[in-house]
Amino acid sequence: MKVIIMCGGKGTRLREETEFKPKPMVEIGGRPVLWHIMNIYARAGYKDFVLPLGYKGEVIKQYFYDYRMRNSDFTVDLATGDVRTHETGCCTDWRVTLSDTGQETLKGARIKRIAKHIDTDRFMVTYGDGVSDIDIAKLVEFHKKSGKIGTFTGVRMPSRFGAVQTDENGNILSWQEKPVLNEYINCGFFVFKREFLDYLDEEESCDLEKQPLERLAAEGQLSMYPHEGFWQCMDTLRDYQKLNAMWDKGDAPWARRWK
């Protein structure tokens, strides 16, 4: 099953890092967050990736073009110019397709524009800025059992603010600092049947979360896989600092199986 990781956005809320690189290339522990996301799938056996590129896509292309050199020992014969790579074993069985899909293109159109690279009955999609300890095998199993065209992963998020309950006289009944919300939010980690491609078009304005998913939900063809574990996006400088601090402390739930 192909894994599509959205890599085209501008990451304007993380401008401190994204002025010179696309957001998927912002690093956690010295590796791009994109690499961390790919490892989440790879450890579940899914190693065939398609990356729809947009803003500063050439940076991502160059990273993977130079990947073996960056991540392997190698010997250069200065007399002949021959280079022999000494494989380290990390990620050498990945297959990565990189496709320019436009600077201003929204996510739905990006997926439609790389449809020619999807040759399986189902495919997976996720965002290029979120890491999780999600069990991909259980997600896929849930999707297949649902019988729906599409499945997304839902997580409960803590409120940004504390919550207070009072009586009519203003007396405090309860105080909760940043309680976990009851509602689920979409954190990505989608699985789709191939027919979902018919819900998309190549116009720049086709956004995944708008008309395509709204239509799928209205038709009763969208299910939610509830994930009660760890998930964190890297949307702001504060998120970036939090994820790097977790990594530095050896407390990175998304990487515990392979770090």
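Some observations on this one:
- Shape index of region 195-259: Rg/Rh, with Rg the Cα radius of gyration and Rh the Kirkwood radius from the inverse mean 1/r over Cα pairs, equals 1.15.
- Surrounding net charge for GLY147, when Lys and Arg each add one and Asp and Glu each subtract one, Cβ distance under 15 Å: +2
- Portion, in percent, of the accessible area of the chain that falls on carbon or sulfur, probe 1.4 Å: 47
- Taken over region 1-92, the ratio of Cα radius of gyration to 2.2 N^0.38 Å equals 1.25.
- Of all DSSP-defined beta bridges confined to the chain, some 55% are antiparallel rather than parallel.
- The charge dipole of region 39-155, taken about its Cα centre with unit charges on the Cβ of Lys, Arg, Asp and Glu (plus for the first two, minus for the last two), comes to roughly 640 debye.
- The length gained by stretching the chain between THR92 and ILE185 to full extension, at 0.36 nm per residue less their Cα-Cα distance, is 30.0 nm.
- Pairwise centroid distance, computed over Cα atoms, of region 98-151 with region 1-50, Å: 14
- Distance between the modelled labels on ASP201 and THR12, one decimal in nanometres: 2.5 nm (7 Å Cα→Cβ projection).
- Here the chain has an Rg and Dmax of 20.4, 87 Å, counting Cα atoms alone.
- At full extension, LYS210 and THR80 could sit 41.2 nm farther apart than now, given 0.36 nm per residue minus the alpha carbon distance.
- Pairs over the 29 Å Cα-Cα cut-off, from the set LYS61/LYS148; LYS23/LYS145; LYS193/LYS249; LYS21/LYS210: LYS61/LYS148; LYS23/LYS145; LYS193/LYS249.
- The 3J(HN,Hα) values that the Karplus relation (6.51, -1.76, 1.60; θ = phi - 60°) gives for region 108-113 are, in residue order, x, 5, 4, 5, 4, 6 Hz. Gly and Pro appear as x.
- Virtual spin-label span in nm between PHE230 and LYS145, 7 Å along Cα→Cβ: 2.6
- Dipole magnitude for the chain: computed about the Cα centre from +1 point charges on Lys and Arg Cβ and -1 point charges on Asp and Glu Cβ, it is near 460 debye.
- Computed [θ] at 222 nm, deg cm²/dmol, the chain (DSSP H ≥ 4; -39,500 (n - 2.57); rounded to nearest 500): -7000 deg cm²/dmol
- Note on ASP133 and TYR65: the model spin-label points, each 7 Å out from Cα along the C-beta direction, lie 3.9 nm apart.
- Accessible area per residue, Å², the chain with all protein chains present, probe 1.4 Å: 53
The values are calculated or read from the model by the stated rules, or taken from the named source; none is laboratory data. None of the values given here were measured: they were computed from a predicted structure. All Cβ positions, glycine included, derive from the backbone under ideal geometry; neighbour counts span all protein chains shown. Surface accessibility is based on the protein's heavy atoms, side chains included, excluding ligands, DNA and RNA. Shrake-Rupley method; radii C 1.70, N 1.55, O 1.52, S 1.80 Å.
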